[in-house]
Amino acid sequence: MSVRKNGEETRRRILEVAGDVFGEKGYRDATHAEICRRSGANTAAINYHFRSKENLYIEAWQTAFHDSLKACPPDGGIAPDASAEERLRGRINSIIRRVADPNNKSFEIIHREMVNPTGLLSAAMEESIEPVRKGMEEVIRELLGRKASLRQVGLCLTSILAQCLHSVLRERHTGNLKAAARPSRVDPQEMADHITAFSLAGIDAIRRQAESGKIS
């Protein structure tokens, strides 16, 4: 095996382990020592590949996020020439599947970042998430029609994303609560179907209002 290939495998292993550690402990409580122990690498290897803990944190999140997109493409596997309704369904399915995936470390890292912010992920998140957001926005704009305002498009986008994220993230982060205190667990596909139907009905109502001039 070449030195280059060995180095690439070491780098990848460090990123995978770092994603686990940052997701479990957050940036501030994660240590090089634990990442080294769990990855089988040494501090020199981490410094060589990433230069700093900050860079390792950012790259670990980016790697986890893009791995999740490979597993669940943003379009949900729906053809670009499918109806806008089906394309919206595909994008909602993709979000729900990615958030519900226990192997997706990117949401765990974001959750820790929200609890104890560092600001280190802001630029990376904006760059990585923006294309996904834009894809959803374009489908919503098509469904709303030409008379809908930018504000209406933005509000619909925010509503759909909030439904997708809240429904499953709550399940991921309430495991310490008594089952009796929580509503029944919802199957991710059932939730995706519900959010799609609910959102399409809302979008249709707003489209009709926009066409009638009732909403500016």
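Computed from the coordinates by the stated procedures, all read-outs in this text should not be read as laboratory data. All of these numbers come straight from a predicted model, not from anything done at the bench. Note that each Cβ is placed from the backbone with ideal geometry, even for glycine, and that neighbours are counted across all protein chains shown.
Taking the highest mean first, how do the peptides 24-33, 73-82 order by number of other beta carbon atoms within 10 angstrom per residue?
Top of the packing list down: 24-33, 73-82.
Give me the one-decimal nm value for the distance between modelled label points at Lys25 and Ala44, 7 Å along each residue's Cα-to-Cβ direction.
Taking the two extended label points, one gets 2.3 nm.
Assuming 0.36 nm per residue, please report the length gained on full extension of the stretch Ala33 to Ala201 beyond their Cα-Cα distance.
55.3 nm
Give, in nm to one decimal, the length gained when the segment between Lys134 and Leu155 is fully stretched (0.36 nm per residue of separation minus the Cα-Cα distance).
Taking Lys134 through Leu155 to full extension adds about 6.2 nm, to one decimal.
Quick one: net charge around Gly26, please, counting Lys, Arg +1 and Asp, Glu -1 for every other residue with C-beta under 9 Å from its C-beta.
In short, 0.
Roughly what would the spin-label model give for Asp193 and His166, points 7 Å off Cα along C-beta, in nm?
2.3 nm
Could you tell me the center-to-center distance, by alpha carbons, between region 63-108 and region 18-48 in angstrom?
Going from one Cα centre to the other spans 28 Å.
Provide, as a two-decimal number, the C-alpha radius of gyration of the chain over 2.2 N^0.38 Å, N being how many residues it has.
1.20
How much length is gained if the chain between Leu120 and Glu211 is pulled fully straight, taking 0.36 nm per residue apart and subtracting their Cα-Cα distance, in nm to one decimal?
Full-extension gain reported as 28.4 nm.
Taking 23 Å as the cut-off for C-alpha to C-alpha distance, list the pairs among Lys53/Lys134; Lys25/Lys53; Lys25/Lys70 that go past it.
With Cα atoms farther than 23 Å apart: Lys53/Lys134; Lys25/Lys70.
In percent, what relative contact order does region 58-212 have, based on Cα pairs under 8 Å that are 6 or more apart in sequence?
It rounds to 31 percent for region 58-212.
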